[in-house]
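Below is one structure; the comments refer to it alone.
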Amino acid sequence: MHDSDKKGFDTKCVHAGIGEYEFGSVVPPIFQTSTFKFKSARHGANLFTGEEKGHIYTRMSNPTVEAMENAVAELEGGYKALGCASGMAAIDLIFSALLQYGDHVVCSTSVYGPTRTLLETVFSKFGVSTTFVNSSDHLKVLHAIRPETKVVYIETPGNPTLAISDLSEISKIARAHSCHMVVDNTFMSPALQRPLMLGADIVLHSMTKFLNGHADVVAGIVVVNTEELYIKMKKVLNQTGGVIDPFNSFLVHRGLKTLAIRMQRHCESATKIARYLEAHPMVKSVSFPGLPSHPQHEIAKKQHLGHGGMIAFELQGGFQAGEIMMNTVKLCQLAVSLGGVESLIQHPASMTHFSMGEAGRAAAGITEGLVRFSVGIEDADDLIADLEQSFEEIKYRMGEKEFRNSI
Ligand code: LCS
């Protein structure tokens, strides 16, 4: 057990990855440098052979980046982490490091659109095949595994439907078939779900979302549970070069300090808003893991420490009503991305999941009228008031009669 394992999660958020610095600086300095001077030719050579420890070149390692990586690894309970240029760069790193020609992947159907597209259009070119399954039914994962399956890739809650997959059950299946179990933990963050503790081998994040939390950085991270996996990933990252830069690392590290309290507020507000939406006559259905009506609510209770800040809902009045809502909300902003302090609303079928195509979306349960809401940390009552005035606009613009007919 690490000494830090004994500390509470909120304490770890504030202190993880922070060391002692020059001038007594409380905050890690930003080493905004591409390269590091050697003391001598021998010193440079020793750094390359590994006989001496130190930094050589920022694509290989950088102290500001390492501080942030150590913090995220500690929060996830992993061995080490690798900062990447984006969430997609993190996903690409995992597949590039673990797969080769002839290998097979089992992947959740409800994943961020470009994750599916990456497997279908890029990795397929290199002879990697993928079976997409509704991983909310863990037996579907089991039945999709073939002798050549190397990776089981799960996103839970899935983007944008918020479908939940049982991580303990699926990791048992992956282990029994010698597959690496990879989990995209972007929607929950380690404050609410720790996949490595539930049997996963690798966790990744789009740190663009909750980990940074302030909508001002694009970044990703891969957290691994063994030294062997770390060495494998590090070698590939060094060759492919999709690393995070020092300034973005600094910003993410700063964001991590408030992760626990931000997530607490996201959870409280999203629960209140999900209940409001579920009771609203103009809402057809609401998907939020914390509602008893969520199909996998029992699994969510088992593996979440809170149910997050993401809600998906379907309006009565379908696409047209959705379009009016997006054009009339005032406090909630119409934008893709999620997990920031500000509330964002978007339409997956025409935006984040457009690249999946209609068939892909249908298989993932993404209806044309689905609205995705990333609940920020504003006053929940202000957000509800904003939605309410938007519902009034829908009624007004569609006309009571036309609205009823479209239901
Ligand atoms: N994984 C999940 C679950 C995501 O939601 C995203 C981005 C990524 C990975 C990729 O991360 P990125 O490269 O953008 O840092 N999701 C987005 C979304 O739903 N709207 O805009 C981006």
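Evaluate the charge dipole of the range 1-119 about its Cα centre and quote only its size in Debye, nearest 20, assuming +1 on the Cβ of each Lys and Arg and -1 on the Cβ of each Asp and Glu.
Roughly 280 debye for the range 1-119.
Would you work out the charge dipole size for the chain about its Cα centre, treating the Cβ of every Lys and Arg as +1 and the Cβ of every Asp and Glu as -1, and quote it to the nearest 20 debye?
740
How many percent of the accessible area of the range 1-88 is carbon or sulfur, using a 1.4 Å probe?
Taking all protein chains in place, the range 1-88 shows 55 percent carbon and sulfur surface.
On a full-extension model of 0.36 nm per residue, what is the gain between Val14 and Val341, subtracting their alpha-carbon distance, rounded to one decimal in nm?
Value of the extension gain: 115.9 nm.
Using the Cβ atoms and a cut-off under 15 Å, what net charge is assigned to the surroundings of Asp382, where Lys and Arg are +1 and Asp and Glu are -1?
With Lys, Arg at +1 and Asp, Glu at -1, the neighbours total -4.
Given a 10 angstrom Cα cut-off, can you work out which residue in Asn212, Asn46, Asn62 is the most mobile in a GNM of the chain?
Fluctuation is largest for Asn46.
Which distance in Å, rounded to a whole number, links the C-alpha centroids of the range 311-364 and the range 9-83?
When both Cα centres are located, 39 Å separates them.
Among Lys6/Lys257; Lys284/Lys330; Lys53/Lys234, which pairs are too far apart, with a Cα-Cα distance over 24 Å?
Pairs exceeding the cut-off: none.
With springs only between Cα atoms under 10 Å, which of Ala219, Ala274, Ala362 fluctuates most in a Gaussian network model of the chain?
Ala362
For the range 292-359, what % of the accessible area comes from carbon and sulfur atoms, probe 1.4 Å? All intermediate terms of the calculation are to be shown ahead of the outcome.
On the way: 1610 of 2810 Å².
The computed percentage sits at 57.
With the Cα gyration tensor of the range 69-206 giving a ≥ b ≥ c as the square roots of its eigenvalues, does the rule (a/c under 1.5 for rounded; else a/b larger than b/c for prolate; else oblate) give rounded, prolate or oblate?
Judged from the Cα gyration tensor, the range 69-206 comes out rounded (a/c under 1.5).
Are there chymotrypsin sites (Phe, Trp or Tyr not before Pro) in the range 48-103 that DSSP marks as loop and that have at most 14 other Cβ atoms within 10 Å, and which are they?
Those satisfying the criteria are Tyr101.
How high is the FRET efficiency between Ile231 and Phe38 when r is their beta carbon distance and R₀ equals 30 Å, given to the nearest 0.05? Please list the in-between numbers first.
Details: r = 24 Å, r/R0 = 0.79.
Result of the calculation: an efficiency of 0.80.
So, for the chain, what is the accessible surface per residue at a probe of 1.4 Å, expressed in square angstrom?
Accessible area per residue: 43 Å².
In the range 268-407, if the dipole is taken from +1 on Lys/Arg beta carbons and -1 on Asp/Glu beta carbons about the Cα centre, which of Ser355, Tyr276, Val375 is farthest to the positive end?
The residue sitting farthest along the positive end of the dipole is Ser355.
Looking at the chain, what % of its DSSP beta bridges pair antiparallel, to the nearest 5?
55
Just name one of His294, Ser124, Ser110: the one whose Cα is farthest towards the positive end of the charge dipole of the chain (beta-carbon charges, Lys/Arg +1, Asp/Glu -1).
Ser124
Please give the charge dipole size of the range 154-217, origin at the Cα centre, charges +1 on K and R Cβ atoms and -1 on D and E Cβ atoms. Round to the nearest 20 debye.
On the way: 4 positive and 6 negative charges, 26 e Å.
My answer is approximately 120 debye.
The values are calculated or read from the model by the stated rules, or taken from the named source; none is laboratory data. Values in this document were obtained by computation on a predicted structure and should not be read as measured data. Because the Cβ atoms are built from the backbone with ideal geometry, glycine has one as well, and the counts that use them run over all protein chains shown. We work out accessible area using only protein heavy atoms, side chains counted, and drop any ligands, DNA or RNA first. Shrake-Rupley method; radii C 1.70, N 1.55, O 1.52, S 1.80 Å.
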